[in-house]
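The values are calculated or read from the model by the stated rules, or taken from the named source; none is laboratory data. Every value quoted in this text rests on a predicted model; they were computed, and no experiment measured them. Please note: Cβ atoms are built from the backbone with ideal geometry, for glycine as well, and neighbour counts cover all protein chains shown. Heads up: the accessible areas ignore ligands, DNA and RNA and are worked out on the full protein's heavy atoms, side chains in. Shrake-Rupley method; radii C 1.70, N 1.55, O 1.52, S 1.80 Å.
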Amino acid sequence: MMWVRSTFRPFQQLRPSVSLFRSYSSSAAAVQAERTIKDGPRNDWSRQEIKDIYDSPLLDLLFHGAQVHRYAHNFREVQQCTLLSIKTGGCSEDCSYCPQSSRYNTGVKAQRLMTKEAVIEAAKKAKEAGSTRFCMGAAWRDTVGRKTNFNQILEYVKEIRDMGMEVCCTLGMLEKQQAVELKKAGLTAYNHNLDTSREYYPNIITTRSYDERLETLEHVREAGINVCSGGIIGLGEAEEDRIGLLHTLATLPSHPESVPINALVSVKGTPLQDQKPVEIWEMIRMIATARIVMPKAMVRLSAGRVRFSMPEQTLCFLSGANSIFTGEKLLTTPNNDFDADQIMFKMLGLIPKPPSFAEEQVIEAENYREAASGSA
């Protein structure tokens with residue numbers, strides 16, 4: 001009988017040397033993900049550090065975003081939020097992407113604030129469909145001079161919170177006292193996006209300054225409300241502007257609890273109607289970088305998700321996204337079908353994230369300690 005000599009080598013002989021392995025894994029994404037896992041969140045990121053992470057080889061960036069995600073969160077949990085436009089159209093601002101601006105002919109008509117009955121009914125339907133956070137948006141520059149409407153919204157917040165849901169609002173700029181009143185009513189989070197980098201911002205909006213946006217975030221944080229703040233890609237900005245947005249968010253005194261990453265949904269009639277659609281690879285870079293530099297944040301795969309297939313969305317979840325908007329509309333633009341989302345959750349083994357009221361109490365305690373140490 002003829003024997004053929006085996007070419008099998010022990011595993012140790014096949015294993016690359018430690019130095020060779022490190023050379024394969026020395027991307028900024030690998031280095032900074034390891035540091036994040038070891039040391040936790042930090043707020044002293046340099047812009048160059050974030051750029052280096054963002055520019056890492058895509059598969060490496062995705063892998064290490066997933067690594068941090070699994071360390072900081074239950075990787076199967078995805079927060080389901082519903083966003084309702086409770087006051088649509090007629091906005092005085094000139095945000096170049098927004099169909100609700102009164103300056104553009106987009107077919108969106110100005111409407112009055114929705115009634116309490118209509119809002120509560122929408123919240124009940126959202127809860128029945130699986131959402132744990134209900135978000136209300138009003139097309140206003142700010143809430144100054146809107147006392148009657150603002151008081152109505154406080155009632156909406158109280159009743160929806162009593163339903164056992166987290167409640168979020170996006171009402172434009174807030175004054176300090178208004179943030180306090182929203183907190184007393186039971187508001188969980190306040191959304192106020194920065195949209196883009198400080199440098200590119202004047203190309204998109206001229207009716208509200210970048211510093212005014214940051215001031216609203218400060219009022220929200222001081223009131224003990226969770227901060228929800230992210231941005232939009234696909235506005236015509238450069239990659240440097242995307243990095244600048246993430247740098248601003250990651251160097252706030254406290255990271256936002258939620259960071260929505262939106263892909264522009266271009267609307268006919270707006271100045272950005274002809275913008276090229278965002279590619280999935282651009283979303284993955286933003287999501288994975290955000291996950292590494294703001295590990296504890298809920299990174300929301302937000303507007304524009306309707307354009308991405310289930311496999312593409314899967315890559316976003318894998319790279320660090322753990323929150324979505326459900327329901328047929330996001331304010332005035334289309335969103336993914338609820339049934340399709342349920343099929344996706346089942347296919348990927350995702351589970352809905354329950355409301356996080358206990359986390360709010362922890363955040364309140366941390367804010368109290370910070371205030372106390374600052375006054376000492």
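Does residue 321 qualify as being part of a helix (DSSP H, G or I) and open to solvent by less than 30 Å² (accessible area, probe 1.4 Å)? Spelling it out, it is not the case that residue 321 is part of a helix (DSSP H, G or I) and open to solvent by less than 30 Å² (accessible area, probe 1.4 Å).
Residues in segment 121-147 that are among the acidic types (Asp, Glu) and either under 26 Å from residue 345 (Cα atoms) or open to solvent by 80 Å² or more (accessible area, probe 1.4 Å) (or both): 121, 128.
Tell me which residues, restricted to segment 243-279, are on the phi < 0 side of the Ramachandran plot and surrounded by fewer than 17 Cβ atoms within 10 Å (Cβ to Cβ). Explain how you work it out, then say what you get.
Step one: list which residues in segment 243-279 are on the phi < 0 side of the Ramachandran plot, which gives 243-268, 270-279.
251, 253, 254, 268, 273, 274, 275, 276, 277, 279 - these are the residues of segment 243-279 that are on the phi < 0 side of the Ramachandran plot and surrounded by fewer than 17 Cβ atoms within 10 Å (Cβ to Cβ).
Taking first residues from segment 25-37 that are on the phi < 0 side of the Ramachandran plot and partners that are open to solvent by less than 40 Å² (accessible area, probe 1.4 Å) and hydroxyl-bearing (Ser, Thr, Tyr), the Cβ contacts under 6 Å between residues at least 6 apart in sequence or on separate chains come to 27/56; 28/56; 29/56. Quick one: is residue 86 open to solvent by less than 10 Å² (accessible area, probe 1.4 Å) and modelled with pLDDT of 95 or more? Spelling it out, it is not the case that residue 86 is open to solvent by less than 10 Å² (accessible area, probe 1.4 Å) and modelled with pLDDT of 95 or more.
If we keep just the residues of segment 300-315 that are at pLDDT below 90 and assigned to a helix (DSSP H, G or I), which is nearest to residue 76 (Cα to Cα)? Filtering segment 300-315 for residues that are at pLDDT below 90 and assigned to a helix (DSSP H, G or I), the one nearest to residue 76 (Cα to Cα) comes out as 305. If you filter segment 280-299 down to residues that are in a loop (DSSP other than H, G, I, E, B) and not hydrophobic (A, V, I, L, M, F, W, C), you find that the one that is least open to solvent (accessible area, probe 1.4 Å) is 295. Checking each residue in segment 210-228 for being buried (at least 19 other Cβ atoms within 10 Å of the Cβ), under 18 Å from residue 184 (Cβ atoms) and touching a residue at least 60 places away in the same chain (Cβ under 8 Å) picks out 221, 224, 226. Checking segment 65-79 against the condition returns a match, with at least one residue being touching a helix residue (DSSP H, G or I) at 6+ places or on another chain (Cβ under 6 Å) and not in a helix (DSSP H, G or I).
Do we have any residue at all in segment 172-185 that's within 19 Å of the chain's Cα centre (by Cα) and not hydroxyl-bearing (Ser, Thr, Tyr)? Yes, some residue in segment 172-185 is within 19 Å of the chain's Cα centre (by Cα) and not hydroxyl-bearing (Ser, Thr, Tyr). For beta carbons closer than 6 Å, sequence separation of 6+ or different chains, a first residue in segment 64-75 that is at pLDDT 95 or above and a second that is of a type in the set (D, E, K, R), the qualifying pairs are 65/291; 68/291; 69/291; 72/296. Reported count of residues in segment 89-109, each being open to solvent by 20 Å² or more (accessible area, probe 1.4 Å), hydroxyl-bearing (Ser, Thr, Tyr) and over 24 Å from residue 119 (Cα atoms), is 3.
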